[in-house]
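Below: one structure, written as structure tokens.
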Amino acid sequence: MGTKIAIKDLTKVFYKKESRVTALEGISLDIADGEFVCLVGPSGCGKTTLLRILADLEKPSGGTFTIAKSKKERPLQSMVFQERGVIPWLTVEGNVSFGLKMRHLPEDVIKERTAYYLEKVGLDRFANLYPKELSGGMKQRVSIARAFANDPEILLMDEPFGALDEQNKFILQEELLNIWSETKKTVLFITHSIDEALLLSDRILLMSSQPGTIINEKHIDLPRPRNMEQVRADPSMAEYFVEIWNHLQDEVQRSRN
Ligand SMILES: Nc1ncnc2c1ncn2[C@@H]1O[C@H](COP(=O)(O)OP(=O)(O)O)[C@@H](O)[C@H]1O
Ligand SMILES: [Mg+2]
């Protein structure tokens, strides 16, 4: 498998009036084509900043990154946020097809692809509703369907299930894995949930508190399809859970001092 995302020595410094904040320092990282990578780290360590840089929403202060292009007409990246990811004045269908319309794809392609992903996330019956008529879980389904329908080179997901209740989270995690295994997209997924990272990832990257650097990585070799019972029952995963847990506690303490 080739490298899809290559990040080299990425640094980001924010300047505010008198002070400067080094949000990211010397991030170097390769992500393979089709890999599902989770980024875990204490709050404020620069996870969102890293994603925003990869999404071209923020300029790095130093270093470089490249996203390998496989198809000319494909957008480079789609992003899924924790909330505010849907356009309030468009219907469910309008939201999912939005990016495709912006790219002026043929009407039949737009129709077909939108219907396909609406069905995948179980929203086909709700295509004509507006966001205010939807639950939080349904809104996140819209965001996910839209991201995949855009058919980007890579998917960037910033704690997309962070605001959902446990049950909804489980269902959406499963749906995401289903779509991912079908499309084999390269995914960089931020979460503060260790369970979620273990369930989803091929590889987990652990970040330090500010300035954010990658301090540890682990390949998750559990067979797929996975479910939470399997993950919890696996002794090596239980051990690893404790390892990350301890690490996060240390980092949270460190960032308080
Ligand atoms: N636009 C900005 N201007 C100034 N500081 C920022 C900006 N965005 C993020 N930061 C700072 O950078 C650090 C990392 O933030 P963020 O990437 O949101 O962390 P995380 O997503 O890991 O919680 C924080 O200290 C935050 O205050
Ligand atoms: Mg964040």
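The values are calculated or read from the model by the stated rules, or taken from the named source; none is laboratory data. Note that the structure is predicted; figures quoted are calculated from it, not measured. Counting neighbours? That spans all protein chains shown, and the Cβs are built from the backbone with ideal geometry, glycine included. The area values use the complete protein model at the heavy-atom level, side chains included, leaving out ligands, DNA and RNA. Shrake-Rupley method; radii C 1.70, N 1.55, O 1.52, S 1.80 Å.
The label-point distance for residue 22 and residue 135, in a model that sets each label 7 Å from Cα toward Cβ, rounds to 4.6 nm. Assuming R0 = 25 Å, what is the FRET efficiency of residue 242 and residue 33, from their Cβ-Cβ distance, to the nearest 0.05? The formula returns an efficiency of 0.20 here. Distance from the Cα centroid of region 3-46 to that of region 87-165 is 27 Å (rounded to whole angstrom). Measuring against 28 Å, Cα to Cα, the residue pairs 69/120; 12/132; 111/184; 69/101; 47/218; 59/132 contain 12/132; 59/132 as the ones spanning a longer distance. Placing unit charges on each Cβ (+1 for Lys and Arg, -1 for Asp and Glu) gives the chain a dipole about its Cα centre, and among 172, 207, 241 the Cα reaching farthest toward its positive end belongs to 207.
Scoring 224-232, 133-141, 157-165 by mean Cβ neighbours within 10 Å over their residues and listing the highest first yields 157-165, 133-141, 224-232.
Once you have a ≥ b ≥ c as the square roots of the Cα gyration tensor eigenvalues for region 22-92, tell me rounded if a/c is under 1.5, and otherwise prolate or oblate according to whether a/b is larger than b/c. It is oblate, given that a/c is not under 1.5 and a/b is not larger than b/c.
Counting every alpha-carbon pair across region 104-227, the share separated by more than 21 Å comes to 45%. Placing +1 on the Cβ of every Lys and Arg and -1 on the Cβ of every Asp and Glu, with no other charges, gives the chain a dipole of roughly 940 debye about its Cα centre. A 1.4 Å probe, protein heavy atoms only, puts the accessible area of residue 130 near 90 Å².
Peptide packing: for 201-213, 100-112, the average count of neighbouring Cβ atoms within 10 Å per residue gives the ranking 201-213, 100-112, highest mean first. The label point for residue 13 and the one for residue 228, both projected 7 Å from the Cα toward the Cβ, are 4.4 nm apart.
Over all directions, the projected convex hull of the C-alpha atoms in region 3-193 averages 11.7 nm² in area.
Label reach from residue 89 (point 7 Å along Cα→C-beta): in region 107-140, amide nitrogens under 18 Å belong to 129-133. Once both labels are positioned 7 Å from their Cα atoms along Cα-to-Cβ, the gap between residue 6 and residue 184 label points is 2.1 nm.
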